[in-house]
Each structure stands twice: as C-alpha cells, then as structure tokens.
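Report on one structure; see the data block that follows.
The values are calculated or read from the model by the stated rules, or taken from the named source; none is laboratory data. Fair warning: this is a prediction, and the values are worked out from it, not measured in the lab. Glycine also receives a Cβ, built like all others from the backbone with ideal geometry; neighbour counts cover every protein chain displayed. Side chains included, ligands, DNA and RNA excluded: accessible areas come from the protein's heavy atoms. Shrake-Rupley method; radii C 1.70, N 1.55, O 1.52, S 1.80 Å.
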Amino acid sequence: VQVVESGGGLVQAGGSLRLSCAASGRTFSTKVMAWFRQAPGKEREFVAAITWSGGSTYYADSVKGRFTISRDNAKNTVYLQMNSLEPDDTAVYYCAAGRGWLTSNYQTYDYWGQGTQVTVSS
C-alpha cells in the first residue's frame, strides 16, 4: 500500500487548508486511515482517523471542532479539512494506513506517506 499526501502550504492564522491522501496498491487490506503531525523538536502527534467502512471518526482533542476528516472510497482518498488554523498547528502532516481499528497509536499503522508541510503564520 502506498499513500501520498498533498495540499500543504503556508496560511495565515484563522485560515483554512485541505489536505488529501491518496492510497494505492492493496488498499483492501487496510481498514483505517489517519493523519498525524510532527512539529520541529516534538514527537509525532495523532490528529484524526477514519474507517473506510462506515466512516467512523476519531479526533485529537486539540483539533476537535476545527478539523474534519472524510473519505472518498471510490477514489481511495482521505481528506483533512483544517479550519481556524493556529500557529501551533504548524507541522509536517503525515497520512497513514492501518489494518487495525480506530486508534491514536502510531505504532498500529502500517503504511506511511512522506508528509506535507503546513505552516501557519501569526
């Protein structure tokens, strides 16, 4: 399974961005897709996750109410709509695919993209 992120960039505080994650290969072997992020000098942090079947979602408290994860099964693509962005949201955002269930534990995700940079200026 390969995952490729896109949609990062520079935005002012209060603005919005939408990230995309396209999955290819043996995607039928995965059950859940997630977004993580990592800021300089910090550990990788869970952002949001969604199941391919049923679309159940799970969010980190820090983004709840501001970010929305969604998926398009026909396109094997997952999106992260980010609104009301804050400077603390600045990080490299990674998409991951897993064969398990909704979880914030990055160790349970098997396939990772290269990441896309999101920078929020104050």
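Structure summary
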{"item": "Cβ pairs under 8 Å, 6+ apart, first in the stretch 52-68 and closer than 14 Å to residue 86 by Cβ, second part of a loop (DSSP other than H, G, I, E, B)", "result": "60/104; 66/83; 66/84; 66/85; 67/83"}
{"item": "Residues of the stretch 57-75 satisfying the condition of being part of a strand (DSSP E or B), surrounded by 15 or more Cβ atoms within 10 Å (Cβ to Cβ) and of a type outside the set (S, T, N, Q)", "result": "58, 59, 67, 69, 71"}
{"item": "Within the stretch 1-56, strands (runs of 3 or more DSSP E) holding 3 or more residues that are open to solvent by 10 Å² or more (accessible area, probe 1.4 Å)", "result": "2-6, 9-12, 17-24, 45-51"}
{"item": "Inter-residue pairs, beta-carbon under 7 Å, first in contact (Cβ under 8 Å) with a residue 24 or more places away in the chain and in the stretch 90-102, second of a type in the set (S, T, N, Q) and not in a strand (DSSP E or B), 6+ apart", "result": "97/30; 98/30; 98/108; 99/29; 99/30; 100/108; 102/56"}
{"item": "Pairs where the first residue, in the stretch 7-33, is within 18 Å of residue 63 (Cα to Cα) and the second is surrounded by fewer than 17 Cβ atoms within 10 Å (Cβ to Cβ) and acidic (Asp, Glu), C-beta under 9 Å, 6+ apart", "result": "13/86; 14/86"}
{"item": "Residue selected from the stretch 91-122 under the condition assigned to a strand (DSSP E or B) and among the small types (Gly, Ala, Ser), by the criterion most open to solvent (accessible area, probe 1.4 Å)", "result": "121"}
{"item": "Qualifying residue in the stretch 76-83 (condition: under 18 Å from residue 116 (Cβ atoms), open to solvent by 50 Å² or more (accessible area, probe 1.4 Å), touching a Lys or Arg at 6+ places or on another chain (Cβ under 7 Å) and in contact (Cβ under 8 Å) with a residue 12 or more places away in the chain)", "result": "yes"}
{"item": "Selection from the stretch 94-114 of residues that are small (Gly, Ala, Ser) and in contact with a Cys (Cβ under 7 Å, 6 or more places away or on another chain)", "result": "113"}
